[in-house]
Amino acid sequence: MLPAADRIRDLRQLLNQYSYEYHVLDAPTVSDAVYDSLFQELKQLEAAHPSLVTPDSPTQRVGNELKGGFQKVNHKWRMLSLNDVFSIKEVEAWFGRISKLAGDSRIDFFADIKMDGLACSLVYEDGILTQAVTRGDSYVGEDVTANVRTIKNVPLRLRDSKRCADFLVGRTEVRGEIVMLKDDFEAINQRQEAAGLPTYANPRNLAAGTIRQLDPQLVADRPLSFRAYDVLRDKSSEVPTQEFAYDALTELGISRNHQAKYLPNLAAVEEFIDQWDELRHDLPFNTDGVVVKVNDRQLYEGLGIVGKQPRAAIAFKYPAEQATTVVRDIVIQIGRTGAATPVAVFDPVVVAGSTITHASLHNADEIARLDVRVGDTVVIFKAGDIIPQVESVVESLRPADVAKFDFEAALKRQYSDLEFDRRPGEAAYRLRGATSEILLKKAVEHFASKSALDINTLGEKNVEAIVDAGLVKDMADIYRLTVADLVELDRFADLSARKLVKAIQAAKRPLLERFIYGLGIRHVGIQTARDLVEKFETLDGLQAASIDELLAVDGIGQVVAESVVAWFSDQDNIDLLAKFKRLGVEPIYERLTGGLAGINFVVTGTLATMSRDEAADAIRQRGGVFQAAISRETNYLVAGDKVGSSKLSKARSLEVPVIDETQFIELLKESK
């Protein structure tokens, strides 16, 4: 039998070869079962001989959870974006410009399908993966190495190649896109639906959100892929053409698109663009266009850069799919930074394969530019086949009585007790006197409050400490807190840290109405949350509710309905709910069928045995309704000490029975 070191080496080489055949050549020579069996043997050998484990082993893809977020990294060479063009006429104009600059130089091209993913740079030193960095602002990105190592088709060691032997020495940088393939995305959404969870919006957002998770194990559980489009070396002559770069990628074991093609002239470029207009829909990944580059790398570099775009490359964008619909309302959502963002709510419409019911209108200037009004027929499109937007208004279909939308008047109507400022030079109206940090602290305090999730160890001072320390960026982040995080803060000793973490983890399955109330949706108190839960029963059902469906709920008026739709239309809030689910928070719905079902109570004065909130909870737990004010629908007024005469007088005038605390307690006992 081979010594362990030799067996481990041979297993690694064979597994890397099988991975190359599967991910790069798309021609596997063994079954998954064979691969898995050999992989398990390698894991067992390395566990028995830990000194033989190396960073490039196939078993070392998943690292430890990151603490403190992602580190910033300077790119050695800028990760430039491309200039977009939208017609063949613009392609021809681009060719004319570079032809003048190129002089007598022959211009040929290399083209590829433009992938809709997250741009990323992989750095290999002497053939070993050492770093993975996102595009960022083109100069500085974020180090996501631990997460990228989990992507199965990213080689931890470049494949040995005689043709590209120089690339295994020194620094080799590979650039590409992290994507989620359509089939993988559909499989994830099918699992979400089967589990009763909301589905994800699109592969690009899911891929980008996944790669920025702080726990590599979570990333490893998602089927991400890497598709390369470039390779860089310190000595540029080692990569003479774009075509050679793609051949080198295959030699080195890096996945790349095999639709990429050498194109000798402009006519061939136009033919390539036309060919993929329809065929792109059959690709395994989402795309919105084609990338065309000057093939000769020396000429490519010589043509220079304008702003963030190289002159020698363009991204041809195919026209976005469009559809028309009618705007039913424009609601305003206050985001985490205090900015007031208008959202157009319209009749459901299918665009680029998905059903769209709302789109951000960004700010008051954008509403004015479009002159979009409630009742208008609008053209909806997906920018880059991804984000739904209102493109234009079909003015000829505008009803005669439709008024121009007044942003400030809408703010005053929807948020009558708040004040907003619009600072010089800014497009957004913002909540006066509020910062994102102040809003975050208030949101977390409310989420942990007694009527919400009742995390009694997470009071004002503790919230202030964890937010100021940067441990919590949103409400969901409290579920990521660890004892190790907290004991670093002045307020916490080991015991208090453990107590807080335990209390938070114990609140992972709150009652749905308490969770909804805790989200802090404006105008939604605990009773309104209960009414919504009784109608829609699930968070998904409430999230999908239209304004008309909300208005059909007893006690829900226009202001509350608009507020709910606005909250669930905000992308930050959509992302927040998805984050809660990823962290294992599962609100539960309990149908109330107690003996007080259908009976309405108002409580006034001071009770000796319970607080007002406790009385309200007791009523709701038995199926009753806790009302804030007496009406003709009130069945009982519970009167404690120090009751004002006005409520007693109103109860008498409406013939509402008045009971004392003792009688109330008896009712509670009888209704269990």
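What follows draws every value from the coordinates through simple rules; no lab data is involved. All values reported here derive from a predicted model rather than from experimental measurement. Note that each Cβ is placed from the backbone with ideal geometry, even for glycine, and that neighbours are counted across all protein chains shown.
At a glance:
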| item | result |
| --- | --- |
| Simple spin-label estimate for Ala427 and Val169 in nanometres, 7 Å along Cα-Cβ | 5.2 nm |
| Approximate spin-label separation Gln322-Lys76, in nm, with each point projected 7 Å along Cα-to-Cβ | 4.6 nm |
| Straight-distance crosslink candidates among lysines, where the alpha carbon sits under 24 Å from Lys412 and sequence neighbours closer than 8 are dropped | Lys404, Lys442 |
| Added length on full extension, which subtracts the Cα-Cα distance from 0.36 nm per residue, Ala469 to Arg509 | 11.7 nm |
| Span per principal axis, largest first, for the Cα atoms of the range 322-425 (Å) | 39, 33, 24 |
| The range 600-670, dipole about Cα centre (Lys/Arg Cβ +1, Asp/Glu Cβ -1), debye to the nearest 20 | 260 debye |
| Antiparallel content of DSSP bridges confined to the range 537-660, in %, to 5 | 10 percent |
| Length-normalised contact order for the range 600-670 - Cα pairs under 8 Å, 6+ apart - percent | 38 percent |
| Net dipole in debye of the range 515-672 [+1 Lys, Arg Cβ; -1 Asp, Glu Cβ; about Cα centre; nearest 20] | 360 debye |
| Exposure proxy order (Cβ contacts within 10 Å, fewest to most) of Thr482, Thr199 | Thr482, Thr199 |
| Charged-residue dipole, Cβ positions (Lys, Arg, Asp, Glu), the range 436-582 about Cα centre, Debye nearest 20 | 600 debye |
| Gain on full stretching of the segment that runs from Ser496 to Lys642 - 0.36 nm per residue minus C-alpha separation | 48.7 nm |
| With Cα atoms, 0 to 90° folded angle of helix 182-194 axis to the chain main axis | 20 degrees |
| Hydrodynamic radius of the range 532-584 per Kirkwood, over alpha carbon pairs, in Å | 11.6 Å |
| Distance (nanometres) between label positions extended 7 Å along Cα→Cβ at Lys235 and Ala48 | 4.4 nm |
| Residue order, fewest to most beta carbons within 10 Å, for Trp77, Trp94 | Trp77, Trp94 |
| Degrees between helix 571-582 axis and first principal axis of the chain (Cα, 0 to 90, nearest 10) | 90 degrees |
| Hull shadow area, averaged, the range 83-317 [alpha-carbon convex hull, nm²] | 13.4 nm² |
| Relative contact order (%) - criterion: Cα under 8 Å, at least six apart; region: the range 322-425 | 24 percent |
| Between the range 88-129 and the range 266-338, the alpha-carbon center distance in angstrom | 13 Å |
| Burial ordering of Ser19, Ser99, fewest other beta-carbon atoms within 10 Å first | Ser99, Ser19 |
| Residue (of Gln259, Gln71, Pro399) at the positive-pole extreme of the chain, dipole from beta-carbon charges | Gln71 |
| Prolate/oblate/rounded label for the range 263-407 (Cα gyration tensor, a/c 1.5) | prolate |
| Average Cα contact separation per residue, the range 436-582, under 8 Å, 6 or more apart, as relative contact order % | 22 percent |
| For the chain, alpha-carbon Rg over 2.2 N^0.38 Å | 1.16 |
| Unit charges at the beta carbon, dipole of the chain: most positive-side option, Ile128, Tyr415, Gly640 | Gly640 |
| Charge dipole of the chain about the Cα centre (unit charges at C-beta), most positive-ward option of Gly541, Ala578, Ser649 | Ser649 |
| Theoretical gain in end-to-end length, Glu549 to Ala484 [0.36 nm per residue, Cα-Cα removed] | 18.8 nm |
| Helix 32-48 axis, angle to the chain major axis (alpha carbon atoms, nearest 10°) | 80 degrees |
